[in-house]
Amino acid sequence: MARRLISPAAACRVNAGFLGAFSSFHYQSLPSCSSKRSSSVKNCFSYRADSRKEGSRWIRSQPFLSVNNTKFIGKRTSCSVATEPPPAATEEPEMDTPKEIFLKDYKKPDYFFDKVDLQFQLGEEKTIVTSKIVVSPGVEAGISAPLVLHGCDLKLLSIKVNGTGLKGEEYAVNSRHLTLSTPPAGVFILEIVTEIYPQLNTSLEGLYKSTGNFCTQCEAEGFRKITYFQDRPDVMAKYTCRIEADKTLYPVLLSNGNLIEQGDLEGGKHYALWEDPFKKPSYLFALVAGQLGCREDSFVTCSGRNVTLRIWTPAQDLPKTAHAMYSLKAAMKWDEEVFGLEYDLDLFNIVVVPDFNMGAMENKSLNIFQSRLVLASPETATDGDYAAILGVVGHEYFHNWTGNRVTCRDWFQLTLKEGLTVFRDQEFSSDLGCRTVKRIADVSKLRIYQFPQDAGPMAHPIRPHSYIKMDNFYTVTVYEKGAEVVRMYKTMFGASGFRKGMDLYFQRHDGQAVTCEDFYAAMCDANNAQLPNFLQWYSQAGTPTVKVASSYDPSSQTFSLKLSQEVPPTPGQPAKEPMFIPVAVGLVDSTGQDMPLTSVYSDGILQTLSSDGQPVFTTVLQFKKKEEEFIFKNVPEKPVPSLLRGYSAPVRLDSDLSESDLFFLLANDSDEFNRWEAGQVLARKLMLSLVADFQQQKTLVLNPKFVDGLRSILRNSSLDKEFIAKAITLPGQGEIMDMMAVADPDAVHAVRNFIKKELALQLKDDLLAAVTSNRSSEAYTFNHDSMARRALKNTCLAYLASLDEADVTELALLEYKTATNMTEQFAALAALSQNPGQVRDDALLDFYNQWQDEYLVVSKWFALQATSDIPGNVVNVQKLLSHPAFDMRNPNKVYSLIGGFCGSPVNFHAKDGSGYKFLGEVVLQLDKINPQVASRMVSAFSRWRRYDETRQALAKAQLEMIVSANGLSENVYEIASKSLAD
């Protein structure tokens with residue numbers, strides 16, 4: 001699915017700075033647009049917005065847009081999921097006994113679907129769905145194997161086989177399945193008619209309504225809420241879809257593939273008939289119907305085919321779709337140039353909806369996106385929003401090949417498409433921006449969110465062994481760690497070898513549903529190589545720890561690295577096998593220069609290092625055993641090793657580098673990622689030491705060498721400004737708590753605040769100079785240099801504001817009032833909101849009054865208050881639940897406010913249990929509305945055993961209360977019960 005949204009459960013473990021949460025799942029005809037816009041994009045990463053200040057708001061000059069129905073243009077001030085409230089439950093249903101599904105039990109389907117014809121009669125009270133399926137028996141099907149179809153929340157109206165209605169004894173229906181006990185032999189036609197109620201569907205799965213428009217979400221198991229079907233990814237068919245609806249209410253009717261026919265019907269209705277020429281699983285089916293305008297553009301592929309591109313959204317939001325269109329065109333061009341992959345149809349549609357459980361969805365030729373991952377203008381979106389849109393639009397487009405043309409055999413193989421596509425979107429964003437900064441951001445996300453998951457009760461391999469609800473496994477492990485596993489193939493085989501592996505993968509498997517082993521085989525076969533132990537990454541959970549001990553022998557001029565690895569026990573996997581770990585290494589001499597590497601000896605083999613006759617300065621060690629020693633020859637002086645360059649494997653590194661070694665690498669390492677990493681290691685060690693002092697009630701003193709190190713970085717004009725901003729940012733509270741035997745949120749919060757204020761005090765002149773020198777009155781431009789300037793300025797302003805001094809407050813107020821874009825205005829607001837008082841209250845009220853008609857901006861406003869570390873903030877968050885702009889049925893607002901609250905460890909983990917009690921009550925309320933969103937919230941409790949006994953008891957009580965609730969969804973039950981399990 002979608003480039004996933006970070007789970008707020010994981011967010012509860014980090015507070016890396018209050019800016020972190022906002023900066024950063026053949027068409028003959030179509031519904032006609034009043035006019036068309038076609039233009040070429042020169043550089044989507046240098047998008048300049050013309051804007052002018054008008055009072056306290058900014059007005060953009062708008063490009064010529066296509067609007068389907070101009071009479072619907074108007075201001076939208078809110079969004080909601082359903083057009084009418086769900087009916088009140090008269091009695092809580094008992095939860096079905098959860099059924100765990102295991103990878104080892106996979107068997108091929110007994111029947112295949114060759115062709116699926118769907119008809120939708122969309123109505124205001126109900127929708128009638130007719131499916132006509134060509135069914136053929138599988139090779140392994142028994143003589144009279146029953147045909148079992150999935151179904152959920154459906155009313156069966158009729159069922160026919162080869163045109164004849166079935167009698168009651170010929171089939172059976174329960175809450176989960178429709179079963180034909182004795183289907184005909186050979187190929188037959190199955191026709192089913194169901195009745196569904198999209199306007200009451202708050203789960204946002206299957207077919208539902210969002211702000212009056214019909215929309216679908218079928219991954220992973222949503223199609224079974226539309227009609228009875230073999231809802232599994234290895235059942236692939238060609239689809240047609242006929243949609244009938246009221247023409248006035250739903251002028252736009254969209255589905256996958258080619259629009260082959262459309263016309264008017266009696267009674268003010270109309271229809272559209274779509275045909276998808278490519279076989280696909282049911283999870284890639286999509287339908288949208290509603291009042292939408294479109295921005296239209298075009299792209300000429302490398303073979304010369306002209307592709308029409310359309311982004312559909314309510315008409316008033318069309319000006320905010322320009323950056324998404326540029327991002328789409330850039331992604332199409334990049335995929336051709338880097339992977340030789342060309343788009344395969346003549347139309348590509350994107351539809352924007354405000355209510356969506358994930359970030360976006362890659363349905364073939366009809367991507368559906370959450371609003372905040374498409375809509376952007378300089379005055380309403382931050383640099384982080386622009387970057388996210390670029391990455392996610394790219395991600396969903398890249399799925400056309402890695403996910404759609406080649407898909408998953410079963411849902412356990414999810415990382416096959418998601419980990420691979422995350423890697424591809426990371427590379428895309430890196431090529432269009434700053435590779436080092438992007439790598440730092442991706443590794444930070446891995447450590448902040450995935451490492452804790454690997455160490456908790458929900459730990460699972462990138463290919464899980466079992467699940468109760470697949471929705472719970474769209475995780476940072478499957479996605480982000482999965483991307484790191486893909487990256488290791490590239491690290492081992494190089495860019496050209498990786499490309500050869502990708503080419504072979506598509507050559508072998510285009511149009512198939514395959515497994516992770518198929519990808520591994522293509523990579524190895526293409527490079528005539530083997531990677532021993534590598535498949536352990538797919539089957540073992542947990543984050544390996546690599547320990548490194550180094551020694552230098554001046555007499556033999558050899559330098560030794562002794563490596564050992566340990567993978568910690570995880571639920572269901574107490575003992576682990578050694579992993580294949582590529583360790584990229586360079587050696588730095590006393591002048592700060594990289595040493596040429598001539599040879600390395602290991603396991604009885606001496607390997608000569610060279611690259612087309614050129615010196616090698618970085619080599620990749622293949623670490624495959626529990627313990628191994630690597631000896632570098634011809635090393636003339638004792639070096640400082642630069643280990644795991646570019647973060648070559650997703651592991652924890654425990655080296656014998658001294659403090660002076662780390663300061664040396666911070667100043668000199670040619671690998672910029674490792675320069676940043678050296679500073680982070682120093683910061684983590686410093687924070688842990690001060691936490692121990694705080695717990696022992698000792699006076700806190702900041703190491704002057706650390707201050708001097710950050711000062712030298714801040715003053716280094718040769719460094720990239722965004723790199724400087726990353727380098728001077730302290731590790732988050734969650735990172736430090738994860739390194740403690742017993743997590744202490746109060747101590748970590750106090751220490752981090754102390755260090756931040758001390759740095760602000762001692763570096764005040766440098767920080768002020770950085771704020772002043774990085775101001776700009778130029779129109780907003782989204783390119784790396786401009787983003788880097790704003791990032792450094794905003795990071796320095798945040799440090800200064802922590803002092804809570806009058807002159808700094810005036811500075812932050814000035815920045816807030818004179819800002820000409822959301823990036824800088826919101827950063828100033830965040831700086832002001834650190835300190836409780838009238839200034840903070842006035843600024844927050846002013847911001848809301850200014851932007852209350854922009855619901856995406858209001859979500860930022862919710863999140864800023866929710867993540868606040870101000871003492872007792874749970875009371876403020878509880879009040880915001882009643883705010884007229886908040887809607888519990890909108891996932892984005894839930895993630896912003898409730899998920900945001902879990903992002904403040906000091907308040908969520910308040911020792912009086914108020915944060916836990918608040919979340920427990922909200923989870924049960926949410927579970928009745930949207931179980932997927934509720935399960936993401938409840939996972940904030942998953943690592944309750946990490947805390948002191950008082951907190952453990954309070955959190956456990958909430959989990960027990962949740963698990964005992966009547967009618968609990970399987971989604972929430974799975975997370976809560978696993979969290980409670982010993």
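The values are calculated or read from the model by the stated rules, or taken from the named source; none is laboratory data. It should be emphasised that the depicted structure is a prediction, and the values quoted were computed from it without experimental measurement. All Cβ positions, even for glycine, are placed from backbone atoms using ideal geometry, and neighbour counts span all protein chains on display. Only protein heavy atoms, including side chains, enter the accessible area calculation; ligands, DNA and RNA are left aside. Shrake-Rupley method; radii C 1.70, N 1.55, O 1.52, S 1.80 Å.
Working out 0.36 nm times the residue gap between LYS269 and ALA741, then minus their Cα-Cα distance, what length gain in nm do you get to one decimal?
Here the answer is 163.4 nm.
Here the ratio of the Cα radius of gyration of the chain to 2.2 N^0.38 Å is 0.94. Evaluated at q = 0.09, 0.13, 0.14, 0.19 Å⁻¹, the base-10 log of the normalised Debye intensity for the range 619-767, with identical point scatterers placed on the Cα atoms, takes the values -0.34, -0.68, -0.78, -1.25. For the range 788-864, the average shadow cast by the Cα convex hull is 4.9 nm², which is a quarter of the hull's surface. Here SER144 and CYS302 are evaluated by their C-beta separation; at R0 = 41 Å the FRET efficiency comes out at 0.20. Put simply, when 287-298, 878-889, 948-959 are sorted by average Cβ atoms within 10 angstrom per residue, most first, you get 287-298, 948-959, 878-889. Taking the accessible area of the range 552-595, probe 1.4 Å, and keeping the other protein chains in place, the carbon and sulfur fraction comes to 50%. As a rough guide to protection, the peptides 456-466, 820-830 ranked by mean Cβ packing within 10 Å, highest first, stand as 820-830, 456-466.
The mean accessible area for residues of the range 850-982, using a 1.4 Å probe and ignoring ligands and nucleic acids, is 32 Å² per residue.
For PHE623, the shell of other residues with beta-carbons less than 13 Å away shows a net charge of 0, using +1 for Lys and Arg and -1 for Asp and Glu. For the range 360-455, the alpha-carbon radius of gyration amounts to 1.16 times the rule-of-thumb value 2.2 N^0.38 Å expected for a compact globular protein.
A straight chain from THR699 to SER551 at 0.36 nm per residue would run longer than the Cα-Cα distance by 49.6 nm.
Grouping the Cα pair distances of the range 443-564 into 10 Å bins from zero gives a pair-distance distribution of 11, 32, 32, 18, 6, 1, 0 percent in increasing distance order. Of the accessible area of the range 140-199, computed with a 1.4 Å probe over protein heavy atoms only, carbon and sulfur atoms account for 53 percent. Take the Cβ atoms of GLN852 and SER158, set R0 to 45 Å, and the FRET efficiency comes out at 0.35.
Could you please tell me the mean projected area of the C-alpha convex hull for the range 540-608, averaged over all directions and given in square nanometres to one decimal?
6.3 nm²
The reciprocal of the average 1/r between distinct C-alpha atoms defines the Kirkwood hydrodynamic radius, which for the range 295-359 equals 12.8 Å. Accessible surface calculations at 1.4 Å, restricted to protein heavy atoms, place the range 261-382 at 22 Å² per residue.
Note on the range 554-702: Rg/Rh from Cα positions, Kirkwood definition for Rh, rounded to two decimals, is 1.03. Charge dipole of the range 277-380 (Cα centre as origin; +1 on each Lys and Arg Cβ, -1 on each Asp and Glu Cβ, all else neutral): 180 debye, rounded to the nearest 20.
What do you get when you divide the Cα radius of gyration of the range 731-864 by 2.2 N^0.38 Å, with N the number of residues? Rg over 2.2 N^0.38 Å, computed on Cα atoms: 1.13. For ALA769 and ASP804, a Förster radius of 25 Å and the Cβ-Cβ distance give a FRET efficiency of 0.75, rounded to the nearest 0.05. The protection proxy used here, the mean number of other Cβ atoms lying within 10 Å of each residue, ranks peptides 743-753, 371-381, 848-858 as follows, highest first: 371-381, 743-753, 848-858. Using only the C-alpha atoms, the convex hull of the range 884-982 corresponds to 89 Å³ per residue. With a 1.4 Å probe and every protein chain kept in, tell me what percent of the accessible surface of the range 633-682 is carbon plus sulfur. That share works out to 46 percent. Since only THR179, TRP401, TYR855 are under comparison, the one whose Cα sits farthest along the positive direction of the charge dipole of the chain, derived from C-beta charges on Lys, Arg, Asp and Glu, is TYR855. Over the C-alpha trace of the range 829-894, radius of gyration and Dmax come out as 11.5, 32 angstrom.
Only Lys, Arg, Asp and Glu carry charge here, each on its Cβ (+1 for the first two, -1 for the last two); on that basis the chain has a dipole of about 760 debye about its Cα centre. The aspartates and glutamates within cross-link reach of LYS320, meaning a Cα-to-Cα straight distance under 15 Å and a gap of 8 or more places when in the same chain, are ASP50, GLU296, ASP297, GLU379, ASP383, ASP385, ASP853, GLU854.
Considering only Cα atoms, the convex hull volume of the range 740-803 works out to 116 Å³ per residue. For PHE356, the accessible surface of its heavy atoms amounts to roughly 0 Å² (probe 1.4 Å, protein chains only, rounded to the nearest 10). Simple spin-label estimate for GLN530 and SER776 gives 5.4 nm between the two label positions (7 Å along the Cα-to-Cβ direction from each Cα). Kirkwood radius for the range 123-182, taken over all pairs of different Cα atoms as the inverse mean of 1/r, rounds to 13.3 Å.
Rolling a 1.4 Å probe over the protein chains gives LYS917 an accessible area of about 110 Å².
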